[in-house]
Amino acid sequence: MDTLLNVAHGFGVALLPINLLYCFIGVFIGTLVGVLPGIGPISAMSLLLPVTLSGTPESGIIMMAGIYYGSMYGGSTTSILVNIPGEAASVVTCIDGHQMAKQGRAGPALGISAFGSFIAGTFALVALMLVAPSLASVAIAFGPAEYFSLMALGLVVLTFLTQGSMAKALLMACIGIVLGLIGLDSITAQPRLTFGRLELIDGIGLVPVVMGLFGVAEVLLNTEQVIKRDIINAKITQLLPSKADWKASAGPVARGTVLGFFLGILPGGGAVVASFASYALEKRLSKTPERFGHGAIEGVAGPESANNAAAGGAFIPLMTLGIPPNVVMALLLGAFVIHGLQPGPLLITQNPGLFWGIVASMYIGNLMLLVLNLPMIGMWVQLLKLPYNILFPLIILFTIIGVYCSSNNVFDVYIMIAFGVIGYFMRKLGYEPAPLVLAFVLGPMLENNLRKSLILSQGDLLTFVQRPISAACLALAAVLLVGPLLPSLRKKRELVALDEGA
Amino acid sequence: MSSDNNVKFRLNNSELWGGLIGLALGIFVIWSGLKLKLGTINDPGSGYVLFYTGILMCLFATSIIVAAITEGGASFGSRWQNVRWNRPLLLIACLTAFSFALDPLGFLLSTVPLMVLLLRVVDPVRWSLTIPIAVLAPLGMWWVLKRLLLIQLPSGIFEIG
């Protein structure tokens, strides 16, 4: 009964005209960046982070969340029609989605992708409503040791799932922690790694780091490639999947939804790993696995549902524990902090309007996305024809303006350009930026909780293993760290490794 | 002969240099941690986490270096093979020039030339599109930010914008 009252209260907040407008702007921009290859939800969210300052916390966070789940919908359009993933979570949709489009079945592929996403998104929200308050009440009992271990686990999971060498990913995570510690020490107020520069006293901003590593570096990488766009030009008709399509997709949608939701909750997991895992599961369960890769609708329905369910599930650790499980949620944490709010166990009780308003807005956003993605598909196809040599200077312009507006400081523009160049060379040498960014956000919290737990336990390191939750997290982290040394686990890791950690 | 080839290959090994940079950074972080005061385990100081993170960095970097020496790795040249490497280079040059120009010239006077360069030099767009995009996009953004959102962009020594 309480939940129903809370949901009603949430709808009261979400249905305010200003929040509806922000929700629409969020899902529209999300679909746009999902559709456009070369710009993802991370760049778009960091670009718009300063814009959230102009409204209420509800409006800003509703918009940011809309960009995230909106991009999950939009990404599939590009994958299916152009065979280029609009964003990382749609990589796997290219395999069967584009084959379906080539066989003249682009409509059902887009249709099942949108409906699957809608069903999964809705399920994830219901689960979020039910799970988050109970988890938040448990999380109140968490001490610094539990928080430290959970964050350490999150970083290890992300490095485990990052493509390529795990040592490189761990090195990136360490560099992220160091970058996060630049500025005044929160306990002793001693300046650290500031090199006498006043601009570094408050530390490096999240926006210039993210925009550099994901925005500018991505542009640098894209300009060296000849982007071939194999756009399906035939008119897209019959978006509604047939009865047979529904029959074939029902299982994959259901399984993808549940799997995606749980993988979304895991720290370090997220939409990308969920879509890959769902594809692998469907292929394994299929009686005709040879159809996969040649236009099997299950290969679209499962992963698309999984990535949307994961997008919903990822809100749970952020809202209940205050720990962002991936880079996108780290940006959302930034939006909370900008408004002076601290997500965590007390958020739901202290700011019920905010929490339930965001949840309710996601229902509304999912409905908006269904309308944006099905009847307006023609518009998105036209947008795909925009040449990249016109698009990238505009992306650079927006990143410069976005970074400058986040702090009104030219120094941040320099930081962004520097991180853009560093990010480009990092990617060329096989160092993924996702662990660095997540560690950059978690670094100060990790340090704080480590120091607090050591002070509270009077230097007794056993405090981390005497508390069951902390011990379980550290044990799992240890298994994942040692795991890649075992050939069988190394093989599995390579199968699920991510391109980007979003 | 074969040993000479191996030495040449190893020195041009991008994995090895990546690891060495990581190791140098790790040593710098350890040194910074020590300089800041480590404190004790009962009361960790400002450099405590930095110091141990630096040690971890050195460990991971060493493992990368060892793997690069024992297993080999891609050369720098191969990382840029079959790609148009001059374009990111041009883009980096444009952005570096822009970063020097932004403060003294201001937003409008530095962004319009940057857009012209990006549109014409990196991957050329025809002039009839370049000029309107290069002028209208920054001008439009400047107007929205300054007039609607009341955000002051850098105006430079000429105070334009």
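The values are calculated or read from the model by the stated rules, or taken from the named source; none is laboratory data. Since the structure is predicted, the reported quantities are computational estimates derived from the model, not experimental observations. Here the Cβ is made from the backbone with ideal geometry for all residues, glycine too, and neighbour counts use every protein chain on show.
What helices (runs of 4 or more DSSP H) lie completely within the stretch B:1-115 and have 1 or more residues being at the interface with another protein chain (Cβ under 10 Å from one of its Cβ atoms) and modelled with pLDDT under 90? Write out each step before concluding.
Values: elements: B:2-11, B:14-36, B:48-71, B:76-79, B:86-105.
Output list reads B:14-36, B:48-71, B:76-79, B:86-105.
For the stretch A:98-131, how many residues are basic (Lys, Arg) and surrounded by fewer than 20 Cβ atoms within 10 Å (Cβ to Cβ)?
Of the stretch A:98-131, the ones basic (Lys, Arg) are A:102, A:105.
With the extra rule that they be surrounded by fewer than 20 Cβ atoms within 10 Å (Cβ to Cβ), the set shrinks to A:102.
Residues that pass the stated criteria total 1.
Which of the residues that make up the stretch A:205-246 are within 14 Å of chain B (Cβ to nearest Cβ), at pLDDT 85 or above and either surrounded by fewer than 18 Cβ atoms within 10 Å (Cβ to Cβ) or in contact with an Asp or Glu (Cβ under 9 Å, 6 or more places away or on another chain) (or both)?
Within the stretch A:205-246, A:Pro208, A:Leu221, A:Thr223 meet the criteria.
Mind checking which residues of the stretch A:183-194 are within 10 Å of chain B (Cβ to nearest Cβ) and either of a type outside the set (S, T, N, Q) or touching a residue at least 40 places away in the same chain (Cβ under 8 Å) (or both)?
Here is the first cut: in the stretch A:183-194, the ones within 10 Å of chain B (Cβ to nearest Cβ) are A:184-193.
Of everything in the stretch A:183-194, those that are within 10 Å of chain B (Cβ to nearest Cβ) and either of a type outside the set (S, T, N, Q) or touching a residue at least 40 places away in the same chain (Cβ under 8 Å) (or both) turn out to be A:Leu184, A:Asp185, A:Ser186, A:Ile187, A:Ala189, A:Pro191, A:Arg192, A:Leu193.
Within the stretch A:86-121, count every residue that is more than 14 Å from A:Trp380 (Cα to Cα), under 18 Å from the mean Cα position of the chain (by Cα) and not charged (D, E, K, R).
Residues that pass the stated criteria total 10.
I'd like to check which helices (runs of 4 or more DSSP H) are fully inside the stretch A:71-181 and have at least 2 residues that are within 14 Å of chain B (Cβ to nearest Cβ) and in contact (Cβ under 8 Å) with a residue 60 or more places away in the chain.
On the way: elements: A:93-102, A:106-139, A:144-161, A:166-180.
In the stretch A:71-181, A:144-161, A:166-180 are the helices (runs of 4 or more DSSP H) which contain 2 or more residues that are within 14 Å of chain B (Cβ to nearest Cβ) and in contact (Cβ under 8 Å) with a residue 60 or more places away in the chain.
For the structure I just gave you, tell me whether B:Pro88 is without any contact (Cβ under 8 Å) to a residue 12 or more places away in the chain and surrounded by 15 or more Cβ atoms within 10 Å (Cβ to Cβ). Break it down stepwise before answering.
Details: without any contact (Cβ under 8 Å) to a residue 12 or more places away in the chain: yes; surrounded by 15 or more Cβ atoms within 10 Å (Cβ to Cβ): yes.
Against the criterion (without any contact (Cβ under 8 Å) to a residue 12 or more places away in the chain and surrounded by 15 or more Cβ atoms within 10 Å (Cβ to Cβ)), B:Pro88 qualifies.
Matching residues to (1) assigned to a helix (DSSP H, G or I); (2) closer than 22 Å to A:Leu436 by Cα:
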{"residue": "A:Arg284", "(1), (2)": "yes, no"}
{"residue": "A:Gly293", "(1), (2)": "no, no"}
{"residue": "A:Ala301", "(1), (2)": "yes, no"}
{"residue": "A:Ser305", "(1), (2)": "yes, no"}
{"residue": "A:Pro317", "(1), (2)": "yes, yes"}
{"residue": "A:Thr320", "(1), (2)": "yes, no"}
{"residue": "A:Val328", "(1), (2)": "yes, yes"}
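Given the criteria more than 15 Å from the chain's Cα centre (by Cα), crowded, with 22+ Cβ neighbours inside 10 Å and at pLDDT 80 or above, does A:Ser59 qualify? Can you show your working first?
Working: more than 15 Å from the chain's Cα centre (by Cα): yes; crowded, with 22+ Cβ neighbours inside 10 Å: yes; at pLDDT 80 or above: yes.
Taking the combined requirement at face value, the residue satisfies it.
Only residues that are in contact (Cβ under 8 Å) with a residue 12 or more places away in the chain and not in a helix (DSSP H, G or I): list them for the stretch A:387-423, please.
Residue satisfying the conditions is A:Asn409 alone.
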